[in-house]
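Have a look at the structure below before the remarks.
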Amino acid sequence: MDRREIAALLAYIGRLDPRAIRTDQGEARDQLAQWHELLGDVPLATPHGWDARDAARQHIRVSPYQILPADIARPWESYRRDRLQRHTDPTPTADPDDQTAWTAELVRTRRAVASGTAQPTTYRQIASGRVNPGLEGHLKAIGRYIPDHVRAELAAYRPARAAREAAVAQGQPDFLSVRCEWCHAPVGEPCRRRRIGPDGGARGTAPRATPHPGRIDLAAAQAQQPAMA
């Protein structure tokens, strides 16, 4: 604010709180000089929500104490911080190889936002409220380790996992959620072919595309337990 704007602000404050009025010419001159010194970098109003008169009126409305320059400066600093916190630096139009120009453009943008002459730049998807119709499916795909179309292509090379996913999709119990009592496959691992060798020992470690029947029954029994309880 320049001295003329400070004088207008003091006149407005005087109408709301006569205690701020200085009738002596010397005191009025000193008051004007003091407020200008302390609020010279605070605008009277900006195009985007700041008005020093609103801050003065709010203070006079809720506080029994006579207004001081700090009661205008504090709301202004809060206004600046809030705008900068909501601001996301847009990509400068300057040549990225010209570091000086690149930085200068960022600084100019931030100063314009902080001073209230420009609106903060926010992420469009968050600020607009308009959702792309295909966004939900895209997020579901990238939210997994393997997107659906890639998973389908790999099904032939991952028969056990494909069978598990198909069973779960059909509402059947997840057979990999239990340990197989026949081949001793741990939870999360597919069943393995178990052969008995001539010496009576168990042999064979090739994974099976389908689980052993006992494992399916055990998974079904455990899935029914919460419902029965």
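The values are calculated or read from the model by the stated rules, or taken from the named source; none is laboratory data. These numbers come from a predicted model, not from an experiment. Reconstructed Cβ throughout: ideal geometry from the backbone, glycine too, with neighbour counts over all protein chains shown. In case anyone asks, the SASA skips ligands and DNA or RNA and just uses the protein heavy atoms, side chains included. Shrake-Rupley method; radii C 1.70, N 1.55, O 1.52, S 1.80 Å.
When you look at Ala104, is it without any contact (Cβ under 8 Å) to a residue 12 or more places away in the chain, in a helix (DSSP H, G or I) and either in contact with a Phe, Trp or Tyr (Cβ under 9 Å, 6 or more places away or on another chain) or of a type in the set (A, V, I, L, M, F, W, C) (or both), yes or no? I'd like the intermediate steps shown before the answer.
On the way: without any contact (Cβ under 8 Å) to a residue 12 or more places away in the chain: yes; in a helix (DSSP H, G or I): yes; either in contact with a Phe, Trp or Tyr (Cβ under 9 Å, 6 or more places away or on another chain) or of a type in the set (A, V, I, L, M, F, W, C) (or both): yes.
Yes.
Looking only at segment 169-214, count how many residues are closer than 23 Å to Gln225 by Cβ and at pLDDT below 70.
Adding up the residues that qualify gives 0.
Looking for something assigned to a loop (DSSP other than H, G, I, E, B) and either of a type in the set (S, T, N, Q) or in contact with a Gly (Cβ under 6 Å, 6 or more places away or on another chain) (or both) - is there at least one such residue anywhere in segment 68-79? Talk me through it step by step, then tell me what you get.
Initially, segment 68-79 is screened for residues assigned to a loop (DSSP other than H, G, I, E, B), giving 68-69.
Adding the requirement that they be either of a type in the set (S, T, N, Q) or in contact with a Gly (Cβ under 6 Å, 6 or more places away or on another chain) (or both) leaves none.
No, segment 68-79 contains no residue that is assigned to a loop (DSSP other than H, G, I, E, B) and either of a type in the set (S, T, N, Q) or in contact with a Gly (Cβ under 6 Å, 6 or more places away or on another chain) (or both).
Taking segment 165-186 as the search range and keeping residues that are without any contact (Cβ under 8 Å) to a residue 40 or more places away in the chain and of a type in the set (Gly, Ala, Ser), which one is surrounded by the most Cβ atoms within 10 Å (Cβ to Cβ)?
Among them, the one singled out is Ala185.
Can you confirm whether segment 115-122 contains a residue that is at pLDDT below 70, open to solvent by less than 60 Å² (accessible area, probe 1.4 Å) and not acidic (Asp, Glu)?
Kept after step one, since they are at pLDDT below 70, are these residues of segment 115-122: none.
No.
Report the residue count in segment 12-47 for those that are open to solvent by 60 Å² or more (accessible area, probe 1.4 Å) and outside any helix (DSSP H, G or I).
Looking only at that region, the number is 6.
Restricting the search to segment 48-67, which residues are outside any helix (DSSP H, G or I) and not β-branched (Val, Ile, Thr)? Steps first, answer last, please.
Kept after step one, since they are outside any helix (DSSP H, G or I), are these residues of segment 48-67: 48-51, 63-67.
His48, Gly49, Trp50, Asp51, Ser63, Pro64, Tyr65, Gln66, listed by residue number.
List every residue pair whose Cβ atoms sit under 7 Å apart, with the two residues 6 or more apart in sequence or on different chains, where the first one lies in segment 47-61 and is under 10 Å from Leu9 (Cα atoms) and the second, anywhere, is among the charged types (D, E, K, R).
The qualifying pairs do not exist here.
Scan segment 35-50 for residues that are among the charged types (D, E, K, R) and at pLDDT below 95 and report the count.
Filtering segment 35-50 for residues among the charged types (D, E, K, R) gives 37, 41.
Imposing the further condition that a residue be at pLDDT below 95 reduces the set to 41.
Residues meeting the conditions: 1.
Quick check: is even one residue across segment 81-95 assigned to a helix (DSSP H, G or I) and touching a residue at least 12 places away in the same chain (Cβ under 8 Å)?
Scanning segment 81-95 turns up at least one residue that is assigned to a helix (DSSP H, G or I) and touching a residue at least 12 places away in the same chain (Cβ under 8 Å).
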